[in-house]
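Sharing a structure here in structure tokens format.
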Amino acid sequence: MFPQFLRKPTRALRKPKVPESRELQVAGRMVPLAIRENLRATRITLRIEPGGRALKMTIPKGVREADVADFLDRHRGWLEVKLSKYSGDAKVRAGGRLALRGVEHRIHHTGQLRGITEAVMLDGEPVIRVSGHEEHLGRRLSTFLKKEARLDLDRLVAIHTGRLGKRAKSLTMKDTRSRWGSCSWEGNLSFSWRIVMAPPEVIDYLAAHEVAHLKEMNHGPQFWALCKSLCPGMDEAKSWLKRHGSELHAIDFD
């Protein structure tokens with residue numbers, strides 16, 4: 001028998017690492033699932049990303065693959081209910097419908113290679129006319145919405161900053177999924193251009209919300225009081241955005 005100090009040390013078996021991404025079949029479609037380990041997490045949490053396009057799971061350190069599988073099995077019913085409101089086929093297309101400032105418009109592809117994208121009334125029906133190749137329809141529509149959102153938000157921000165006596169340093173349009181807008185310490189405002197699909201009072205609320213941050217960089221009582229003074233319909237607009245915001249994020253322009 002070998003002396004103790006000559007024996008080859010044995011290595012502890014490592015638990016297999018939980019894969020960081022996968023696809024999960026829910027409500028008749030495949031949904032991307034991202035899994036992230038968080039050292040401060042004490043339990044498994046699961047979040048549906050805006051628009052229902054993906055899932056994000058946070059797990060404590062050392063969680064086993066079997067624990068992840070068990071968690072998903074136990075919450076499958078909840079996921080199916082939540083994701084069932086998303087058809088999984090929200091891609092814009094000719095003949096489909098798209099909201100502009102809360103009003104449903106029919107998407108009309110003109111078939112012409114040149115021409116502007118514009119919202120018009122056609123035979124008494126709100127229509128968004130789009131030219132160019134049909135495969136570029138989504139891109140043309142998103143570009144159109146960005147321009148319309150910019151027009152609205154430039155105007156509304158100017159109104160609210162005038163009331164507040166503050167000045168925004170810049171204003172940019174983005175396609176963020178985690179938030180509808182932001183305000184930096186330097187006074188730079190950023191908005192999701194998708195907000196232009198919401199009713200005008202919701203667009204106004206979002207502008208007032210971010211402008212209020214120019215004075216109150218928090219979400220305390222003073223901030224909400226200021227926000228409501230700028231936008232008296234704040235509560236109704238917040239409620240609308242909570243109920244329908246994910247539907248706007250789900251629309252696919254790619």
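Residues with amide H under 5 Å of LEU55's amide H, sequence separation 5 or more or different chain, H placed in the peptide plane at 1.01 Å from N; which?
Distant-sequence amide H within range of LEU55: LEU33, ALA34, GLU49.
Label GLN25 and HIS136 with points 7 Å out from Cα along Cα→Cβ: what is the distance between them in nm?
According to this spin-label approximation, the distance is 3.9 nm.
Treating the angle as unsigned and between 0 and 90°, give the value, to the nearest 10°, between the Cα long axis of helix 221-230 and the longest Cα principal axis of the chain.
Relative to the chain, helix 221-230 is tipped by roughly 30 degrees.
Right, another one. Quick one: dipole size for segment 138-250, taken about the Cα centre, charges +1 on Lys/Arg Cβ and -1 on Asp/Glu Cβ, in debye to the nearest 20.
340
Write down Rg/Rh for the chain, rounded to two decimals, with Rg from the C-alpha atoms and Rh from the Kirkwood relation over Cα pairs.
1.13
Helix-only estimate, please: 222 nm mean residue ellipticity of the chain, summing -39500 (n - 2.57) across DSSP H runs of length 4 or more and dividing by its residues, to the nearest 500.
Using -39500 (n - 2.57) per qualifying helix, the result is -11000 deg cm²/dmol.
Another question about this same structure. Show the residues, 5+ positions off or on another chain, whose built amide H is closer than 5 Å to the amide H of LEU100.
HIS105
Just name one of GLN25, VAL63, ASN38: the one whose Cα is farthest towards the positive end of the charge dipole of segment 20-84 (beta-carbon charges, Lys/Arg +1, Asp/Glu -1).
Toward the positive end, the furthest listed residue is ASN38.
Along segment 233-249, what does the Karplus equation 6.51 cos²θ - 1.76 cosθ + 1.60 (θ = phi - 60°) give for ³J(HN,Hα), rounded to whole Hz, x for Gly and Pro?
x, 4, 4, 5, 5, 4, 5, 4, 5, 5, 6, 10, x, 5, 5, 5, 5
Less than 13 Å from a label point 7 Å out along the Cα-to-Cβ axis of ASP175: which backbone N atoms in segment 36-62 qualify, by residue?
Output list for this probe position: empty.
Excluding residues on the same chain fewer than 8 positions from LYS215, give the aspartates and glutamates whose Cα lies under 15 Å from its Cα.
Once the sequence-local aspartates and glutamates are set aside, what remains near LYS215 is GLU186.
Continuing with the same structure: So what does MET217 come to for accessible area, using a 1.4 Å probe and Å² rounded to 10?
70
Sticking with this structure for a sec: Would you calculate the separation in nanometres between label points at ARG163 and ILE116, each defined as 7 Å from the Cα along the Cα-to-beta-carbon direction?
Calculated label separation equals 3.0 nm.
Under a Cβ-only charge scheme (Lys and Arg +1, Asp and Glu -1), can you give me the dipole magnitude of the chain about the Cα centre, in debye to the nearest 20? Please list the in-between numbers first.
Values: 46 positive and 30 negative charges, 274 e Å.
The dipole magnitude comes to about 1320 debye.
How do 38-48, 236-246 rank on mean C-beta neighbours within 10 Å, highest first?
So the peptides 38-48, 236-246, ranked by packing, come out 236-246, 38-48.
Just the accessible area for GLU20, please: 1.4 Å probe, Å², rounded to the nearest 10?
100
Dipole magnitude of segment 149-199 about its Cα centre, charges +1 at Lys/Arg Cβ and -1 at Asp/Glu Cβ only, in debye to the nearest 20?
Roughly 80 debye for segment 149-199.
Per residue of segment 96-110, what does 6.51 cos²θ - 1.76 cosθ + 1.60 with θ = phi - 60° give for ³J(HN,Hα)? Whole Hz please, x for Gly and Pro, Karplus curve as stated.
Going residue by residue, I get x, 10, 8, 7, 9, 6, x, 10, 5, 10, 7, 8, 10, 8, 5 Hz, with x marking Gly and Pro.
Take ALA41 and MET217, extend 7 Å from each Cα along the Cα→Cβ direction, and tell me the distance between the two endpoints in nm.
3.0
Going highest first, how would you order 141-150, 166-175, 128-137 by mean Cβ packing within 10 Å?
Put in order of decreasing packing, that is 141-150, 128-137, 166-175.
Which entries of LYS174/LYS238; LYS82/LYS242; LYS82/LYS228; LYS146/LYS169; LYS147/LYS174 have Cα-Cα distances beyond 22 Å here?
LYS82/LYS228
Moving on. LYS91's amide H: which non-local residues (gap 5+, or another chain) put their own amide H closer than 5 Å, with H modeled 1.01 Å from N in plane and none for Pro or chain starts?
Here the answer is ASP252, since their amide H atoms fall under 5 Å of that of LYS91.
What full-extension length gain, to one decimal in nm, is calculated for ALA69 and HIS108 as 0.36 nm per residue of separation minus the Cα-Cα distance?
Values: separation 39, 0.36 × 39 = 14.04 nm, distance 4.55 nm.
Once the chain is fully extended between ALA69 and HIS108, it gains 9.5 nm.
Same structure, new question: Please name whichever of SER170, VAL130, ILE195 sits farthest to the positive end of the charge dipole of segment 113-206, dipole taken about the Cα centre and charges placed at Cβ: Lys and Arg +1, Asp and Glu -1.
The residue sitting farthest along the positive end of the dipole is SER170.
The values are calculated or read from the model by the stated rules, or taken from the named source; none is laboratory data. Note that the coordinates shown come from a computational prediction; the quantities given were computed from them, not determined experimentally. Neighbour counts are summed over all protein chains in view; Cβ atoms, including those assigned to glycine, are modelled from backbone coordinates with ideal geometry. The accessibility values were calculated without ligands, DNA or RNA, using every heavy atom of the protein model including side chains. Shrake-Rupley method; radii C 1.70, N 1.55, O 1.52, S 1.80 Å.
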